[in-house]
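Inspection log for the structure reproduced underneath, given as structure tokens.
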């Protein structure tokens with residue numbers, strides 16, 4: 001069984017567009033040599049996450065100036081298959097940051113992640129991390145660790161709201177009233193969000209279902225229909241433009257940063273870009289439905305490639321560049337990703353960051369992911385259905401039926417458990 005908890009954490013579901021073709025990992029044993037390197041796989045793109053990782057790598061470089069860190073950017077939707085393929089090729093990364101809440105079951109079962117249990121047992125600061133940051137599999141061995149968590153929230157253009165005399169919406173009903181006013185005024189487009197037919201689009205959409213009291217594990221309940229009907233209203237009124245049917249999260253963020261949108265639904269990993277925006281930006285929790293405001297927890301977890309020949313060195317890199325107090329603080333201050341290390345999560349730096357507080361609040365009570373190896377397939381189905389609503393491919397009833405059938409099939413294929 002996968003060990004996760006209801007509170008705290010999910011996958012940035014961050015995206016990537018570039019692919020650097022690098023094969024294998026650096027050869028070598030426990031010693032260090034002048035030409036040694038560690039290969040790190042992520043699906044990070046430009047922005048706060050890359051800037052944070054570069055700064056974190058400087059911590060490593062200060063202690064290991066002769067060991068290069070080679071960062072390989074793999075597209076978001078390709079990283080799992082590339083990593084699974086290493087079971088056959090017997091090569092791969094030294095270190096990988098994967099979408100743990102979606103891909104962990106299949107990655108752990110396939111044997112492409114190294115066992116971190118002994119490393120964690122000898123880690124002096126292990127008590128800084130809650131059990132919810134540790135991902136074990138059915139063998140009770142540890143394979144992934146979360147150094148931060150990512151969540152969704154509502155970004156808003158303060159200039160737009162001031163010009164229109166609008167308050168920051170706290171509920172879905174208030175958000176809809178605000179978007180209607182924005183559309184009627186015509187100066188701004190109401191909402192920038194990902195509507196892609198992928199797990200990204202599903203992640204953006206599903207809080208509407210969660211706010212109605214539903215979720216993937218009871219997807220045939222009325223809450224699902226309520227969520228789709230709300231989203232259909234947004235699409236029919238062009239509060240979310242038809243173009244968003246193909247936007248990933250990075251596309252949606254860049255559109256919001258352009259200054260022409262009143263609202264944007266996106267993640268805390270974009271907070272590092274806010275100071276450079278040409279307009280005032282505020283943040284709030286994802287608007288609440290009748291059951292409250294809930295989002296899925298996310299965040300890329302860290303693992304070591306099963307076929308790395310430098311596992312000891314890879315773990316030392318993880319300790320220094322990701323789990324340390326210095327690294328966690330750099331990550332938060334540069335990218336806005338919420339630290340899981342207690343000494344940083346409870347620090348003044350986090351408490352005093354006003355823009356981060358809605359995401360910190362969301363992390364305290366998150367929705368539960370299905371414990372099923374077909375979780376990614378469930379999300380893809382929902383992403384296809386919600387994207388189809390935006391593009392006009394589906395009517396509301398068609399989208400609901402498509403999503404419910406697909407989620408039920410995926411749930412059954414993954415063993416039926418949730």
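Bear in mind these aren't lab numbers, they're just calculated from the coordinates by the rules spelled out. This one's a predicted model, so the numbers in the text were calculated from it and none came from an experiment. Note that each Cβ is placed from the backbone with ideal geometry, even for glycine, and that neighbours are counted across all protein chains shown.
Shape class for region 175-215, computed from the alpha carbon gyration tensor (a ≥ b ≥ c): oblate, with a/c not under 1.5 and a/b at or below b/c. Evaluate the Debye formula for region 60-141 with equal point scatterers sitting on the alpha carbons, no solvent, and hand back log10 of I(q)/I(0) at q = 0.12 Å⁻¹, in q order, two decimals. Results for region 60-141 at q = 0.12 Å⁻¹ read -0.46. For the chain, the longest principal axis of the C-alpha atoms and the axis of helix 100-110 are separated by about 40°. The share of Cα pairs per 5 Å bin across region 322-402, counted from zero up to the longest distance, runs 3, 13, 17, 11, 10, 12, 13, 10, 7, 3, 0 percent. For region 84-181, state what percent of all Cα-Cα pairs lands in each successive 5 Å bin, counting from 0 Å until the bin that includes the largest distance. Spelled out bin by bin, region 84-181 gives 2, 10, 17, 14, 11, 6, 7, 7, 9, 9, 6, 1, 0 percent.
Output the 0 to 90 degree angle, nearest 10, between the alpha-carbon long axis of helix 172-185 and the longest principal axis computed from the alpha carbons of the chain. Between helix and principal axis, roughly 70 degrees. Reported to the nearest whole Å, the Cα centre-to-centre distance from region 109-185 to region 259-287 is 15.
From the Cα gyration tensor of region 266-377, with a ≥ b ≥ c the square roots of its eigenvalues, which class applies: rounded if a/c is under 1.5, or else prolate if a/b is larger than b/c, or else oblate? Can you show the working numbers first?
Working: a/c = 2.10, a/b = 1.28, b/c = 1.64.
Note, shape of region 266-377 comes out oblate.
With helices as the sole contributors, the chain gives -11500 deg cm²/dmol at 222 nm; each DSSP H run of n ≥ 4 counts as -39500 (n - 2.57), and the sum is divided by every residue. Mean projection of the Cα convex hull over all viewing directions, computed for region 102-245: 12.2 nm².
Mind running the shape call on the chain? Use the C-alpha gyration tensor, a ≥ b ≥ c as the square roots of the eigenvalues: rounded below 1.5 for a/c, prolate if a/b tops b/c, oblate otherwise.
Values: a/c = 1.91, a/b = 1.46, b/c = 1.31.
Note, shape of the chain comes out prolate.
Axis angle, to the nearest 10 degrees, between helix 375-391 and the longest C-alpha principal axis of the chain: 30 degrees.
What is the fewest-to-most order of 295, 274 by other Cβ atoms lying within 10 Å of their Cβ?
Listed from fewest to most nearby Cβ atoms, that is 274, 295.
For region 190-222 versus region 348-418, the spacing of their alpha-carbon centroids is 5 Å.
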